[in-house]
1. What is the percent carbon and sulfur in the accessible area of the stretch 134-254, measuring with a 1.4 Å probe over the protein chains and ignoring ligands?
2. For the stretch 1-101, what % of the accessible area comes from carbon and sulfur atoms, probe 1.4 Å?
3. What relative contact order, as a whole-number percentage, does the chain give when Cα pairs under 8 Å and 6 or more residues apart are counted?
4. Using the Karplus curve 6.51 cos²θ - 1.76 cosθ + 1.60 with θ = phi - 60°, what ³J(HN,Hα) values do you get for each residue of the stretch 202-212, in whole Hz, with x for Gly and Pro?
5. For the chain, what is one quarter of the convex hull surface built on the Cα atoms, given in nm²?
6. Can you give me the long-range amide H partners of Ile166? Hydrogens built in the peptide plane at 1.01 Å from N, cutoff under 5 Å, separation of 5 or more residues or another chain.
7. Out of the GluC sites (Glu not before Pro) in the stretch 132-213, which ones are loop residues according to DSSP with at most 13 other C-beta atoms within 10 Å?
8. Which entries of Lys101/Lys187; Lys187/Lys248; Lys101/Lys248; Lys48/Lys71 have Cα-Cα distances beyond 29 Å here?
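The values are calculated or read from the model by the stated rules, or taken from the named source; none is laboratory data. Only a predicted model underlies this, so the values are computations on that prediction, with no experimental measurement involved. Cβ placement follows ideal geometry from the backbone for every residue including glycine, while neighbour counts extend to all protein chains displayed. All accessible areas refer to the heavy atoms of the entire protein, side chains included, with ligands and DNA or RNA removed. Shrake-Rupley method; radii C 1.70, N 1.55, O 1.52, S 1.80 Å.
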Amino acid sequence: MRLEEVVNRHYHQLNDNDMYILKYILNHAQTCYQLSINELARACNVSKSSVLRFTQKLGFSGYSEFKVFLKWDNRREKTDSHYIEPLYTDIDATLNDLSDKSFDAISELLYQARTIFVYGSGVAQTNCALELQRQFANAQRHLVVIHDQTEFEIIQQSMTPEDVIIIISLSGDTPALIPQAEWLAAKGVPIISVTNLKNNKIAQMATHHLYATSTFTSVTAYRDIISFVPFSIVLEHMFRHYLTYEEKRDHPDQ
């Protein structure tokens, strides 16, 4: 349980003096757990007994137990920040990039396409492709999801410039994917790439390229995590722009 939850549970028991102590603790959360009860009392300009009563009102046996809780809460806050902040940063960067992007040409390409194919170069990427398929089904457009490399090699033989393929790749430099992208580009098949925000070969060959910002966060020395939420945001953005474009084309007077 976090400090905020403890306070909310016992808030009705706190008087003005308690609120003053609480305000100091919240404003000095990074260092307050290091203070003795006498030091905290002096900092708040209250008596030692006032601090003790305050901690007991919050359900602690005394200041020592409360101090241990504050230390734990502070460490948990740092841990949460280590894992949460990169996600927020990635989402903000992705949204900022999308806000500067025109989707008119992409929407027209999708609208005019005979068949829209989607390929994800991994399990998470394929999940993104399946979700995009579900979204477009709501617009009465059936997307063909290519599930693996072998299927891709077979299907690409029948793709034409009248089709469109959306390639979702984390790096954009997957070695096994480069020859296929080169083959499609040579045939004139339009490619929409969705890759991480960096210079990569798939984006260079794509007719239109979209970027998601997704950074690796270390969990241990040997293990990282990476979020595909930014990729989902990019694909959702593309889909909603398509809906807007389709509505304008089909109902120009509305």
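1. Here it works out to 55 percent.
2. 49 percent
3. 17 percent
4. Here the 3J(HN,Hα) series is 5, 5, 5, 8, 6, 5, 9, 10, 10, 10, 10 Hz.
5. 19.9 nm²
6. Under 5 Å from the amide H of Ile166: Phe117, Val118, Tyr119, Ile192.
7. Glu162
8. Lys187/Lys248
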